[in-house]
Amino acid sequence: MNKTTRRYGSVAIGEKLPPLRIDITSGLIIGGAIASRDFTPVHHDKAAAQAGGLPDIFMNILTSNGLIGRYVTDWAGPDCTLKRIDVKLGAPNLPGFVMTITAEVNAKDDAAGTVDIAYSGDNNVWGTHMSGIVRVALPKEA
Amino acid sequence: MTPEETRDFEAKIRAYVGREVGAPTRGKDDVNPAMIRHWTEVTGDESPVYCDQAFAAKSSKGGIIAPPTMLQIWSMEGYAMCQRPEMDLQRELHKIFDAHGFVGVLGTNTSTDFYRDLRPGDQVTAHTVIDNISERKTTARGVGYFIETVTKFTDQHGADVGRQVFRVLKFMPNAETAEAKASTAGAADKPAPPTRIQAPRGHDNAWWWEAIDQGKLMIQRCKGCGTLRHPPRPMCGDCNSTEWDAIESSLEGEVYSFTELHYPKFPGYPYPLLCAVVQLREGTRLIANLAGCEPEQVFIGMKVRGKVERVDDKTVLPNFYPA
Ligand SMILES: [Zn+2]
């Protein structure tokens with residue numbers, strides 16, 4: 001667990017975040033849907049997902065947001081503050097897939113003390129599941 | 001749809017723009033540590049400011065906060081969603097789309113701003129407006145409209161704590177999509193493993209790919225002047241002869257130039273994905289993947305040796321390895 005917070009001044013544009021591999025399981029999809037109080041049938045009921053044209057249940061958007069938020073705050077540390085999460089949704093995440101998140105710092109705002117992280121979450125079967133920018137504020141001083 | 005029908009339909013849907021989908025929704029639960037813990041368990045989020053009271057109290061947060069990604073969770077409708085979801089204006093709007101054949105729905109974007117950290121005891125209320133409906137668009141999934149809703153989240157003092165823009169595509173599934181649906185829904189539980197994009201085989205190059213399928217990398221040769229050429233084409237650039245035969249390559253060569261493809265990642269391709277222009281010993285060049293080496297090991301002039309090999313269920317290709 002990361003208990004150290006990155007300082008604004010120590011972050012450089014182009015810095016790469018360590019990749020994170022996430023096994024997509026029925027447990028993660030259903031657990032994420034229920035913990036986010038999203039009872040839409042396609043996220044827990046395979047027959048409902050198939051009626052919608054997909055072979056199995058798929059991850060809800062809140063869980064994708066939760067995972068990318070966690071990915072960035074894991075790197076930034078506990079004193080960071082998430083300011084914005086932009087998600088462009090691509091291919092769905094289904095059980096049995098593996099999603100790998102990669103990212104790099106692509107902008108800094110000295111006045112606001114925020115850094116923008118450009119990320120992509122790609123699954124190994126259908127390609128990019130989500131991509132976009134996360135903006136996070138970092139403390140300036142140690 | 002006739003132009004008149006389209007006009008009536010668009011008038012109907014545009015009447016929804018700017019309207020609140022319903023009364024503001026006050027979250028059934030105030031921000032609380034139990035729901036925070038349930039969420040962080042699933043997302044694997046171990047940040048101590050969400051669950052470790054002692055750590056959080058001493059941190060710059062001054063106490064437990066909720067993960068910002070829970071913003072929308074506090075006001076979710078809950079279990080009713082899979083029984084009898086409440087009929088709000090947004091669902092009413094979707095029903096109008098459905099009735100006109102735009103039955104497909106696909107979330108395409110979310111953009112969420114967080115104005116302050118939420119803490120146990122905060123009460124979150126969501127105010128959602130249908131903000132915008134696009135012009136009719138032709139997309140890969142079919143013809144449709146993007147519907148954008150904006151939700152403002154407020155706290156117990158009426159202050160804004162966050163904002164979310166949510167965009168969905170309501171579309172008329174095109175025939176191809178419908179067919180793919182039918183085949184995936186009916187067939188196997190797991191989608192077939194992805195394969196590479198197939199190279200088109202035409203009148204002038206099919207013979208080359210057929211040789212590859214047999215494990216041979218061929219180079220076209222002009223019968224008029226003997227000049228070798230690649231990629232295959234009908235006429236010699238030197239003497240204009242259209243008579244040709246071909247020789248088999250030794251598969252020996254060196255890297256003339258190379259690049260690494262990062263984005264977007266395509267399913268069915270191995271990453272890191274290195275593409276090189278290989279200068280063959282025979283003198284012609286071809287574009288192929290480099291295999292068996294890391295990106296940082298590759299350099300211009302590196303000696304390579306090709307191997308014609310099966311890369312997936314549908315494709316045989318020459319890959320080049322460090323010699
Ligand atoms: Zn010639």
So what's the back-of-envelope 222 nm ellipticity for chain B, counting only DSSP H runs of four-plus at -39500 (n - 2.57) apiece and dividing by all residues, rounded to 500? -5500 deg cm²/dmol
Scan around A:VAL98 for amide H atoms under 5 Å from its own, H built in the peptide plane at 1.01 Å from N, and keep only partners 5 or more places away or cross-chain. A:ILE24, A:ASN124, A:VAL125
Looking only at B:GLN90, B:GLN220, B:GLN123, which one moves most when chain B is put into a Gaussian network model with springs between Cα atoms under 10 Å? B:GLN220
Residues meeting the amide H criterion for B:THR139 (H placed from the backbone, H to H distance under 5 Å, 5 or more places apart or on another chain) are B:GLY144
Of the listed peptides A:97-105, B:157-165, what is their order by residue-averaged count of other C-beta atoms within 10 Å, with the highest listed first? A:97-105, B:157-165
Where does helix A:26-35 land angle-wise versus the long Cα axis of chain A, in degrees 0 to 90, nearest 10? 70 degrees
Suppose R0 equals 22 Å. What FRET efficiency, 1/(1 + (r/R0)^6) with r the Cβ-Cβ distance, do B:ALA57 and B:TYR115 give to the nearest 0.05? 0.45
Per principal axis, descending, Cα span of chain B in whole Å: 86, 64, 37
Taking 2.2 N^0.38 Å as the expected size of a compact globular protein, what ratio does the Cα radius of gyration of chain A give against it, to two decimals? 1.13
Of the trypsin sites (Lys or Arg not before Pro) in the stretch B:10-99, those whose Cβ has at most 16 other Cβ within 10 Å and which sit in DSSP loop: B:ARG19, B:LYS28
Suppose accessible area is computed on protein heavy atoms with a 1.4 Å probe; arrange B:HIS38, B:HIS230 from highest to lowest. B:HIS38, B:HIS230
Is it possible to state the helix-based mean residue ellipticity at 222 nm for chain A, with each DSSP H run of 4+ residues giving -39500 (n - 2.57), the sum divided by total residues, to the nearest 500 deg cm²/dmol? What is it? -7000 deg cm²/dmol
Once both axes come from the Cα atoms, what is the angle between helix A:61-76 and the longest principal axis of chain A, in degrees from 0 to 90, rounded to 10? 30 degrees
Label points 7 Å out from Cα along the Cβ direction at B:VAL17 and B:GLU309: separation in nm? 5.6 nm
Span from the the stretch B:54-131 Cα centroid across to the the stretch B:211-282 one, whole angstrom: 54 Å
Put A:ILE13, A:ILE34 in order of accessible area, largest first, 1.4 Å probe: what do you get? A:ILE13, A:ILE34
So if a site counts as exposed when it's one of the GluC sites (Glu not before Pro), its DSSP state isn't H, G, I, E or B, and it has at most 13 other Cβ atoms within 10 Å, what's the longest stretch of chain B without one? B:136-242
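The values are calculated or read from the model by the stated rules, or taken from the named source; none is laboratory data. All values reported here derive from a predicted model rather than from experimental measurement. Cβ sites come from the backbone with ideal geometry, for glycine too, and all protein chains shown count toward neighbours. Only protein heavy atoms, including side chains, enter the accessible area calculation; ligands, DNA and RNA are left aside. Shrake-Rupley method; radii C 1.70, N 1.55, O 1.52, S 1.80 Å.
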